[in-house]
Amino acid sequence: MKCLKNMRGSGRMVLTALGCAALVVLSANAKVDNDPYLRPEMVPAPADNAPNEARVELGKALFFDPRLSGSKWISCATCHNPALGWSDGLPKGIGEGMKELGRATPTILNTAYNKLQMWDGRFRSLEEQALGPIQANVEMHKDMKALIAELKKISGYSEMFEKAYPGEGVSEKTLAKAIASFERTVVSTESAFDRWRMGDDHAVADEVKRGFSLFEGKANCSRCHQGFNFVDDGFHNIGLKGNTDQGRFAKVPVKVLKGAFKTPTLRDIELTAPYMHNGAYKTLEEVVDHYSRGGDMKEGLDPNIEALNLSKQEKSDLVAFMKSLTGKPMDITVPHLPN
């Protein structure tokens with residue numbers, strides 16, 4: 001593929017799309033030991049929606065277009081801002097009519113690898129997820145039939161849809177597929193931690209190495225934060241003070257899921273404060289303190305959560321490790337919107 005080019009010294013290949021989005025794939029020599037903490041060789045995508053430049057270009061335009069909302073001022077990028085770790089920097093998201101939503105805006109970084117989407121796992125694919133916020137009355141508040149009719153009247157979009165999905169037209173399905181295609185390019189880049197795992201012993205400081213040992217050992221964070229994306233695709237009640245949100249239980253009424261939320265990625269975690277599904281903590285230090293004391297609310301607490309009684313140095317080392325997972329931000333520009 002002529003759109004693939006080698007990024008010198010990075011140990012990865014990049015599929016460029018309009019000079020901004022990147023589909024990142026580790027080269028074979030970066031995974032000689034099948035290290036579970038290094039990126040899989042391919043970003044997963046359904047057979048009927050393999051990303052290509054036309055699909056990513058269309059999806060990017062739609063992602064940044066406020067005309068997808070009822071008010072015409074909210075776009076997907078309003079809440080998933082690339083300058084804020086693909087989140088919004090707020091304790092809870094802001095939706096229709098500037099009203100605060102019930103949960104924090106999760107990053108869309110590496111969502112291509114998630115088996116379930118959203119804090120409560122209500123969607124099984126990026127294609128499903130893409131349409132959810134658009135139609136939600138409290139979020140983008142847009143009638144889907146009206147949106148499709150409006151997009152069909154924009155000649156620039158009609159041309160882009162035909163190029164991306166020949167013969168499929170402008171529809172709810174192709175709208176979802178295009179946005180999902182762009183979101184699959186929003187992936188974490190190589191971090192200091194990755195370079196260390198690939199053999200550069202000087203890529204991280206000793207405190208990071210100690211923090212990683214704690215992560216896998218005494219702190220046992222790896223029970224839930226697993227693999228290169230540091231997720232287990234599971235749902236956990238971590239004992240947040242004052243939490244009354246039912247979480248996954250509202251979708252799957254099993255007692256152990258009451259107040260449980262999906263494990264978030266730790267990739268680029270330094271960029272996505274505040275933390276937790278309700279934005280309870282402003283800093284990673286507060287997050288580590290929470291787990292060190294074993295949570296605050298014991299009713300329904302996940303059995304994996306227990307007091308760790310970490311020392312001040314151990315807490316500092318864990319934070320240093322998490323910060324080492326931050327890579328260089330993607331080079332992204334706001335697209336010119338079709339008319």
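Does the stretch 165-187 contain any residue that is among the basic types (Lys, Arg), surrounded by 20 or more Cβ atoms within 10 Å (Cβ to Cβ) and not in a loop (DSSP other than H, G, I, E, B)? Scanning the stretch 165-187 turns up at least one residue that is among the basic types (Lys, Arg), surrounded by 20 or more Cβ atoms within 10 Å (Cβ to Cβ) and not in a loop (DSSP other than H, G, I, E, B). Looking at Phe249, Phe261, Phe230, Phe235, which one is on the phi > 0 side of the Ramachandran plot and buried (at least 19 other Cβ atoms within 10 Å of the Cβ)? Of Phe249, Phe261, Phe230, Phe235, the one residue that is on the phi > 0 side of the Ramachandran plot and buried (at least 19 other Cβ atoms within 10 Å of the Cβ) is Phe230.
Just checking, which of Trp86, Trp119 is within 25 Å of Lys258 (Cα to Cα), among the hydrophobic types (A, V, I, L, M, F, W, C) and not assigned by TED's automatic domain parsing to the domain that holds Gly234? Step through it out loud before you land on a result.
On the way: Trp86 fails: within 25 Å of Lys258 (Cα to Cα).
Answer to the selection: Trp119.
For residues in the stretch 310-334 being modelled with pLDDT of 95 or more and assigned to a loop (DSSP other than H, G, I, E, B), which is farthest from the chain's Cα centre (by Cα)? Going through the qualifying residues, I end up with Ser311. Restricting attention to the stretch 271-298 and to residues that are of a type outside the set (Lys, Arg), surrounded by fewer than 16 Cβ atoms within 10 Å (Cβ to Cβ) and under 18 Å from Asp317 (Cβ atoms), the residue that is nearest to the chain's Cα centre (by Cα) turns out to be Thr283. Scanning the stretch 53-69 turns up one or more residues that are among the aromatic types (Phe, Trp, Tyr), surrounded by 16 or more Cβ atoms within 10 Å (Cβ to Cβ), in a loop (DSSP other than H, G, I, E, B) and not assigned by TED's automatic domain parsing to the domain that holds Thr272. Among the residues of the stretch 293-331, those that are in contact with an Asp or Glu (Cβ under 8 Å, 6 or more places away or on another chain) and polar (S, T, N, Q) comprise Ser316, Thr326.
Pairing each residue of the stretch 124-135 that is under 20 Å from Pro44 (Cβ atoms) with any residue that is buried (at least 20 other Cβ atoms within 10 Å of the Cβ) and of a type outside the set (Gly, Ala, Ser), provided the two are 6+ apart or on different chains, yields C-beta distances under 6 Å for Leu126/Glu183; Glu127/Lys177; Gln129/Gln117; Ala130/Ile179.
The values are calculated or read from the model by the stated rules, or taken from the named source; none is laboratory data. Please read all numbers here as calculations on a predicted model, not as lab measurements. Because the Cβ atoms are built from the backbone with ideal geometry, glycine has one as well, and the counts that use them run over all protein chains shown.
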